[in-house]
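The values are calculated or read from the model by the stated rules, or taken from the named source; none is laboratory data. Nothing here was measured: the structure is a model prediction, and the numbers come from that model. Positions of Cβ are generated from backbone atoms using ideal geometry, with glycine treated the same way; all protein chains shown enter the neighbour counts. Each accessible area value is taken on the protein alone, full model and side chains, heavy atoms only, with ligands, DNA and RNA left out. Shrake-Rupley method; radii C 1.70, N 1.55, O 1.52, S 1.80 Å.
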Amino acid sequence: MLIRRPADILPSEITPRALFEGRRDFIRRAGLGLAAGAALWHGLPARGAQAAQRLAPLQPSAFSTDEARTDVGHATTYNNFYEFGTGKDDPLRNAHRMQVRPWTVRVEGLVNKPRSFDLDELLRLAPLEERIYRLRCVEGWSMVIPWAGFPLAALLKAVEPQGSAKYVQFVTHYDAEIMTRRPVLIWPYTEGLRLDEALHQMTLLTFGMYGEVLPHQNGAPVRVVVPWKYGFKSAKSIVAIRLVEEEPITAWNRYAPQEYGFYSNVNPEVSHPRWSQATERRIGELRRRPTLMFNGYAEQVAQLYQGMDLKKYY
Amino acid sequence: MNLHAPTPFQLAALKVLVLALCLVPAALLAHGWFAGTLGANPIETLQRGTGEWTLNMLLVTLAVTPLRRLTGLHWLQRLRRMLGLVAFAWACAHLANWAWLDLWFDWGAIAADILKRPYVTVGFAAFVLLLPLAATSNAFAIRRLGGRRWQALHRSVYAIAILGVVHYWWLVKADVLKPLIYALVLAALLGVRAWWRELERRRQIAAGAPQFKGKVIRILR
C-alpha cells in the first residue's frame, strides 16, 4: 500500500510573489465594472513576471529584414506554447513557473564529441547577432521579430557530427509539475530538421528577442528559430539536441501527419487540409497579405529542396 | 411576484432584462475592439467570441423546454423565440466578421473556404438553415404556417446545433476540450428530449392508444 500524504497546496496554485504583491492594484483595476475584462488584460504583466535582462552587444546581420517589427507587447502575449495551455495568453500566464537557470542542453547521438552545455557555455560559443526575421505561424498569422542568437551550425560543429548523421532532433523541456498533464500532443514536444537545414546559416540558436533574454513564454532560455518554416518547427526551451540517421519523430507530425509534414516549409500553394495558406495576417495589421514562398526566404533556402516535390514533402 | 404566473408587465420586464443580459458580451467585445484590448489578433478574438456566443445561445435556447418541464415555470417558453433570435444575431456577427474583417470580402477566398474546407462548409450550412427559422420567428409566421408545420420547421434547430458543434470540433488544431464540452451539453439537451419522448410513447401504449406497427399515432388536439 502506498501511503503518501499529498501536499497541502499544488505548486501550480501558489501565486507568484510579484502578482501577489500587486493584488490591491489588481482588485482596484478589476473594480471598474464593465471594463473588468479589459482591466484584467492590462493587469497582466506584459512580459511575464521575470525581470528583463538586456543582451549586448549584438552584431547586426545581413539576413535581417527592414520591415516594421511587431509590437513587443504582442509578440510576448500571443504565443503558442501548448505545454502551458492552448489559449494564446496561457503561456504568458503560466510559463513563469518554469525554472530557466540553471539550464543544460545535451548534444548527443551521432557526434564525435557528445556533451552537455550549460547556458553560459552555450553563450560563449559564438558572438550573438540580432536577426530580424519574419515568423509565419501555420495558423495564418505572422510577426516580425528581432531575435538574438547565433547560427545553430556553430554548436553542431563544436560536437563534430559523424558522417552517418542525417537529421537533428530537438527535445524540449517537459515538467508535469508545472505544465499541462493532458496529452494534447506527445510530451516532451519534439521537433526536427534535416542536417543541411540545421546547418543553414539562417537557422538560429536563439537566446533573446528585442535585445533582451527570451521571456519564458517565448521559449526561454534557448530555442531555435527556422524562419522559412511554420512557427511550430522552431522548438522552444530545448534540453537536448540529437543527431540521428533516420527522420526523427516530431510532435505535430505525429499528432496529424496529413496536416503537418516533417518539412513544413512555408508554402502558399500547399493548403493546410483545413484552411488555406495563401494569405496571412501580420499581427498589428487589419488586412491579410499574401504569404510568400519559404516565407520570403526562397533566395536563401530554395536550393535545399531542389528536385523535391514540395506538394508531397509538405 | 408569483414565480409561476408573472403578470404581463412582469413578463415584459423579464424579457427586457434577459435581452439586456444577452447584450453584455456583445458590448464587451465591441468595447474591446474600440479600446484595443482584444489582444494581438483582435479579429481572431472576435471570430472566437462571436462563434462561442452563437453556440452558447443555441444551447440556452435548447435548454428552455427541459428547464420548463423540470421547474414548471411555463412562462420560460415565452422567452425562447427571443433567445433564438439572439443566437441568430450572434451567427450573423460571426459570419460578418469572417467575410468582412477576416477576408475583406475576398469572394474567391470565401467561396473556396465554403466549398473546400469542411469545417466552413458545415458552419455555413448551419447558418443557412438558421435563416428560415429567424424569418419565421414571429406571430404572423406561426399563424400563417400553422402550429404543426411551424414546429416541424423549427425542429431543424437540433440539426443546426449539431452542425455548429461539429464546426467547432473540426476547426481546432489540437485539444478538443472546449468543443467536447459543447458536445456533451448538447447531447444532454437532445438526450433528455429523446428520453421524454420514449416515456410518452410507453405511457400512450399503456393507456391503450391507437398504434400502427408499434408506433404511437400522435393525436393532436
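Of the residues making up segment A:108-135, those that are touching a residue at least 40 places away in the same chain (Cβ under 8 Å) and either of a type in the set (Gly, Ala, Ser) or away from chain B (no Cβ under 14 Å) (or both) number 19. Would you mind telling me which numbered condition in (1) assigned to a loop (DSSP other than H, G, I, E, B); (2) under 23 Å from the mean Cα position of the chain (by Cα) A:Arg287 fails? Result: A:Arg287 fails condition (2) only. Residue under question is B:Gln77, and the condition is that it be in contact with a helix residue (DSSP H, G or I) (Cβ under 9 Å, 6 or more places away or on another chain), open to solvent by 30 Å² or more (accessible area, probe 1.4 Å), more than 30 Å from A:Glu285 (Cα to Cα) and part of a helix (DSSP H, G or I); does it hold? Yes: the conditions hold for B:Gln77. Within segment A:166-179, the set of residues being hydroxyl-bearing (Ser, Thr, Tyr) and assigned to a strand (DSSP E or B) comprises A:Tyr167, A:Thr172. Among the residues of segment A:261-279, those that are in a loop (DSSP other than H, G, I, E, B), within 9 Å of another protein chain (Cβ to nearest Cβ) and hydroxyl-bearing (Ser, Thr, Tyr) comprise A:Ser271, A:Ser276.
Okay, residues lined up against (1) open to solvent by less than 10 Å² (accessible area, probe 1.4 Å); (2) of a type in the set (A, V, I, L, M, F, W, C); (3) over 22 Å from A:Gly73 (Cα atoms):
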| site | (1), (2), (3) |
| --- | --- |
| A:Phe150 | yes, yes, yes |
| A:Ala158 | no, yes, yes |
| A:Arg194 | no, no, yes |
| A:Gly211 | yes, no, no |
| A:Gln217 | yes, no, no |
| A:Ala235 | yes, yes, no |
| A:Ile241 | yes, yes, yes |
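Taking only pairs six or more apart or across chains, which ones have beta-carbon atoms under 8 Å, a first residue in segment A:152-165 that is assigned to a helix (DSSP H, G or I) and modelled with pLDDT of 95 or more, and a second residue that is open to solvent by less than 40 Å² (accessible area, probe 1.4 Å) and polar (S, T, N, Q)? Close Cβ pairs (under 8 Å, with a partner that is open to solvent by less than 40 Å² (accessible area, probe 1.4 Å) and polar (S, T, N, Q)) amount to A:Leu152/A:Thr203; A:Ala153/A:Thr203. Would you confirm, using the coordinates I've provided, whether B:Gly72 is under 28 Å from B:Ile181 (Cα atoms), of a type in the set (Gly, Ala, Ser) and at pLDDT 95 or above? Here the answer is no, as B:Gly72 does not meet what is asked.
Condition check ((1) on the phi > 0 side of the Ramachandran plot; (2) touching a strand residue (DSSP E or B) at 6+ places or on another chain (Cβ under 8 Å); (3) surrounded by 15 or more Cβ atoms within 10 Å (Cβ to Cβ)) across all residues:
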residue: A:Pro257; (1), (2), (3): no, no, no
residue: A:Tyr260; (1), (2), (3): no, no, yes
residue: A:Pro268; (1), (2), (3): no, yes, yes
residue: A:Pro290; (1), (2), (3): no, yes, no
residue: A:Glu299; (1), (2), (3): no, no, no
residue: A:Lys311; (1), (2), (3): no, no, no
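Can you find a residue in segment B:24-47 that is more than 13 Å from chain A (Cβ to nearest Cβ) and either more than 23 Å from B:Ile142 (Cα to Cα) or crowded, with 16+ Cβ neighbours inside 10 Å (or both)? No, segment B:24-47 contains no residue that is more than 13 Å from chain A (Cβ to nearest Cβ) and either more than 23 Å from B:Ile142 (Cα to Cα) or crowded, with 16+ Cβ neighbours inside 10 Å (or both).
Among residues of segment B:106-128 that are more than 7 Å from chain A (Cβ to nearest Cβ) and touching a residue at least 40 places away in the same chain (Cβ under 8 Å), those with a Cβ under 9 angstrom from a residue that is surrounded by fewer than 16 Cβ atoms within 10 Å (Cβ to Cβ) and not in a helix (DSSP H, G or I), sequence gap 6+ or separate chain, pair up as B:Pro118/A:Pro273.
Within segment A:43-74, being within 14 Å of chain B (Cβ to nearest Cβ), at pLDDT below 95 and open to solvent by less than 50 Å² (accessible area, probe 1.4 Å) holds for A:Gly43, A:Leu44. Go through the residues of segment A:180-187 one by one and say whether even a single one is more than 14 Å from chain B (Cβ to nearest Cβ) and either in a strand (DSSP E or B) or out of contact with any Cys (no Cβ under 9 Å at 6 or more places or on another chain) (or both). The answer is no, given that none of the residues of segment A:180-187 is more than 14 Å from chain B (Cβ to nearest Cβ) and either in a strand (DSSP E or B) or out of contact with any Cys (no Cβ under 9 Å at 6 or more places or on another chain) (or both).
Residues of segment B:135-187 that are within 21 Å of B:Asn56 (Cα to Cα), away from every other protein chain (no Cβ under 14 Å), open to solvent by 30 Å² or more (accessible area, probe 1.4 Å) and outside any helix (DSSP H, G or I): B:Arg155 alone. Return yes when A:Tyr255 is without any contact (Cβ under 8 Å) to a residue 60 or more places away in the chain and either over 28 Å from A:Glu130 (Cβ atoms) or within 14 Å of chain B (Cβ to nearest Cβ) (or both) and no when it is not. Taking the combined requirement at face value, the residue does not satisfy it.
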